[in-house]
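The next block holds one structure in the form of structure tokens; read it before the comments.
The values are calculated or read from the model by the stated rules, or taken from the named source; none is laboratory data. Model, not experiment: these values are computed from the prediction. A quick note on method: Cβ atoms are made from the backbone with ideal geometry, for glycine too, and the neighbour counts reach across all protein chains shown.
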Amino acid sequence: GEKKSLSFVEQMVEADLAEGKNGGRIQTRFPPEPNGYLHIGHAKAICMDFGVAARHGGVCNLRFDDTNPSKEDTEYVDSILNDIKWLGFQWGNVYYASDYFQQLWDFAVWLIKKGLAYIDEQTSEQIAAQKGTPTTPGTPSPYRDRPVEENLELFNKMNTAEAVEGSMVLRAKLDMANPNMHFRDPVIYRIIQTPHHRTGTKWHAYPMYDFAHGQSDYFEGVTHSICTLEFVPHRPLYDKFVDLLKEYEREQGRDTDYRPRQIEFNRLNLTYTVMSKRKLHTLVDEHLVSGWDDPRMPTVCAMRRRGYSAQSIRDFIDSIGYTKFDALNDYALLEAAVRNDLNKRACRVSAVLNPVKLVITNYPEDRTEELEAVNNPENEADGTHNITFSRELWIERDDFMEDAPKKFFRMTPGKEVRLKNAYIIKCTGCKKDNEGNVVEIYAEYDPDSKTGMEGANRKVKGTLHWLSTKHCRPAEVRLYERLFSVENTSADERDFHELLNPDSLKVLTQCYVEEYAATKQPGDFLQFQRIGYFTPDLDSTPDKLVFNRTVGLKDTWAK
Ligand code: ATP
Ligand code: MG
Ligand code: MG
């Protein structure tokens, strides 16, 4: 395809390359915190981090930003690895910030010895109250000028099993009057007594994000540390700690010209959903969804389960692009990318979601025919499969109307319709129950109108899908709508529980699918003809087939 114009991030990377910075080396990282499952926002960062490296002969490593054991777990580590692979990316190495705990500790000790860090024994509320405002300076902590020896002793105490969470923190001694609030003696270490999922109870004092991220980048040799816009105000602090780290390294004869650089782009926000991990956790914990992979969730595993292709997620991210301004991205754009990609891949099958019986009265009772169905008209190489025709069929209830308006091109007494891959039939009437509900429809077929025969060529407006009642399988079909009923959930002041769409899941239990559809596995892309794109759900078993609607055929939300 045509080369898309480079994002501003990539222009910056290319400018650095042209200047020969870092010896022309490109190294990025994707740094998830293993405290939840990846969502579509993370996918945007993944496409950037891995994409930049791949397009410039560089490497992208994976780094688990596991500095807060109270929220992290190996369950999340495993899911993150799996989701990145599924999205189509391959990392160089897998690193953990926890691998640097000793190095970070040693660097913090060095800062203390230089008079650049101190132990504060105030509460977090007291510390916050002293921060000041961007236009007024903060108040120095009463502990700011503690002697070095005392700081070293207390820092060691922070890192014991007896240390009480919240009783003290290590703060960098920077500038309580700096207009950038992040410089007002930021907390760089805190006590956490929850065992760590990798280091167990070895550590009790843990570095804060700002004291771990840039340093981890430096230890690994990251050249471009690409992240989202909320980190713009952190960048000067990122650079400050890298400066100090380079000074520390220089003292030990280890520093070089190398320096990592932080670049920020806008977050992905989607309409009709939430993206914050806290809210996603709440949805799962309160059983408002069936789990992280409930197909209504904005997580990567949910989208996979729902039947989205990795390609369509990448295409969507490509289409929204990377800018310096936060925006709310339209869910319909994601669905359009899914439809566009699945149209090329999905195997066409027949399914009837709301069945009513159709009897072909002039078709012999004991006869069946194997008819050929094209798997994908978009791709001849996908071949064909067989579908069985017989006297008794299921069709969609909506495809019949007894008193139809002129423009109704489906089935109505006296008119002809075509049955897909089969015959032209003429409707002769129907049977109704006492309440007037149609229970059976009757038609006669034209034996010379089979698809492929000369007689099939006459003009018939409607083509219907169908299933032979004796040659199909019962199935449950799950239809999904927006999880939330408001477009911009984060701008709404109501509690987010109130914003949930009560009709986001509709389960149809009386559906039928053709035999061939029953051979498909979760993740196989199907199109139920005339209905939409579907995939077998993870709950599907040979005895109880379950399908998810990935997306309808048309954008029903378009105005
Ligand atoms: P939360 O703030 O909800 O806890 P997070 O953004 O901190 O989640 P991380 O695991 O730290 O989650 O994110 C890993 C990377 O993914 C970070 O570089 C982050 O900037 C990026 N990222 C997270 N959310 C989005 C998003 N909505 N759009 C683009 N990138 C994102
Ligand atoms: Mg984070
Ligand atoms: Mg965050």
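Tabulated data
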{"read-out": "Condition check for Thr28: more than 16 Å from ligand 3 (Cβ to nearest atom), closer than 19 Å to Arg267 by Cα and hydroxyl-bearing (Ser, Thr, Tyr)", "value": "yes"}
{"read-out": "Residue that is modelled with the lowest pLDDT, among those in region 55-87 that are in a loop (DSSP other than H, G, I, E, B) and within 16 Å of ligand 3 (Cβ to nearest atom)", "value": "Glu72"}
{"read-out": "Residue match in region 276-295 (condition: away from ligand 3 (no atom under 16 Å from the Cβ), of a type in the set (Ser, Thr, Tyr) and buried (at least 19 other Cβ atoms within 10 Å of the Cβ))", "value": "no"}
{"read-out": "Members of region 36-54 found to be outside any helix (DSSP H, G or I) and either in contact with a helix residue (DSSP H, G or I) (Cβ under 6 Å, 6 or more places away or on another chain) or not assigned by TED's automatic domain parsing to the domain that holds Ile80 (or both), listed by number", "value": "Gly36, Tyr37, Leu38"}
{"read-out": "Search result, residues across region 242-256 that are buried (at least 19 other Cβ atoms within 10 Å of the Cβ) and either without any contact (Cβ under 8 Å) to a residue 60 or more places away in the chain or in contact with a strand residue (DSSP E or B) (Cβ under 6 Å, 6 or more places away or on another chain) (or both)", "value": "Val242"}
{"read-out": "All positions within region 163-211 that are more than 16 Å from ligand 2 (Cβ to nearest atom) and of a type in the set (Asp, Glu)", "value": "Glu165, Asp175, Asp185"}
{"read-out": "Long-range neighbours under 7 Å by Cβ, at least six apart or interchain, first residue in contact (Cβ under 8 Å) with a residue 24 or more places away in the chain within region 132-160, second surrounded by 12 or more Cβ atoms within 10 Å (Cβ to Cβ) and of a type in the set (Phe, Trp, Tyr)", "value": "Tyr143/Tyr118; Arg144/Tyr118; Arg146/Tyr118; Asn151/Tyr118; Met158/Tyr189; Asn159/Trp203"}
{"read-out": "Near pairs, Cβ below 9 angstrom, 6+ apart or cross-chain, from region 512-527 (of a type in the set (A, V, I, L, M)) to any residue that is in a helix (DSSP H, G or I)", "value": "Leu526/Leu342; Leu526/Ala517"}
{"read-out": "Within region 257-275, considering residues that are more than 12 Å from ligand 1 (Cβ to nearest atom) and either assigned by TED's automatic domain parsing to the domain that holds Thr323 or closer than 22 Å to Ala332 by Cβ (or both), the one surrounded by the most Cβ atoms within 10 Å (Cβ to Cβ)", "value": "Tyr272"}
{"read-out": "Test: residue in region 5-22 that is within 16 Å of ligand 3 (Cβ to nearest atom) and either assigned to a loop (DSSP other than H, G, I, E, B) or surrounded by 20 or more Cβ atoms within 10 Å (Cβ to Cβ) (or both)", "value": "no"}
{"read-out": "Test: Asn35 is away from ligand 1 (no atom under 12 Å from the Cβ) and not charged (D, E, K, R)", "value": "no"}
{"read-out": "Candidates Glu251, Glu247, Glu264 - the one that is under 27 Å from Gln27 (Cβ atoms), within 16 Å of ligand 2 (Cβ to nearest atom), among the acidic types (Asp, Glu) and modelled with pLDDT of 95 or more", "value": "Glu264"}
{"read-out": "Region 156-214, subset acidic (Asp, Glu) and closer than 26 Å to Asp243 by Cα, residue surrounded by the fewest Cβ atoms within 10 Å (Cβ to Cβ)", "value": "Asp175"}
{"read-out": "Options Ser490, Ser504: the member that is surrounded by fewer than 16 Cβ atoms within 10 Å (Cβ to Cβ), small (Gly, Ala, Ser) and under 19 Å from the mean Cα position of the chain (by Cα)", "value": "Ser490"}
{"read-out": "Enumeration of residues in region 370-407 that are farther than 30 Å from Lys344 by Cβ and either among the hydrophobic types (A, V, I, L, M, F, W, C) or out of contact with any His (no Cβ under 7 Å at 6 or more places or on another chain) (or both)", "value": "Arg391, Glu392, Arg397, Phe400, Met401, Glu402, Asp403, Ala404, Pro405, Lys406, Lys407"}
{"read-out": "Members of region 382-424 that are in contact with a Gly (Cβ under 6 Å, 6 or more places away or on another chain), surrounded by fewer than 19 Cβ atoms within 10 Å (Cβ to Cβ) and closer than 18 Å to Arg530 by Cβ", "value": "Phe409, Arg410"}
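Okay, residues lined up against (1) touching a His at 6+ places or on another chain (Cβ under 6 Å); (2) away from ligand 1 (no atom under 11 Å from the Cβ); (3) not basic (Lys, Arg):
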| site | (1), (2), (3) |
| --- | --- |
| Gly23 | no, yes, yes |
| Ile26 | yes, yes, yes |
| Phe30 | no, no, yes |
| Ile46 | no, no, yes |
| Asn61 | no, yes, yes |
| Asn68 | no, no, yes |
| Tyr95 | no, yes, yes |
| Gln102 | no, yes, yes |
| Glu121 | no, yes, yes |
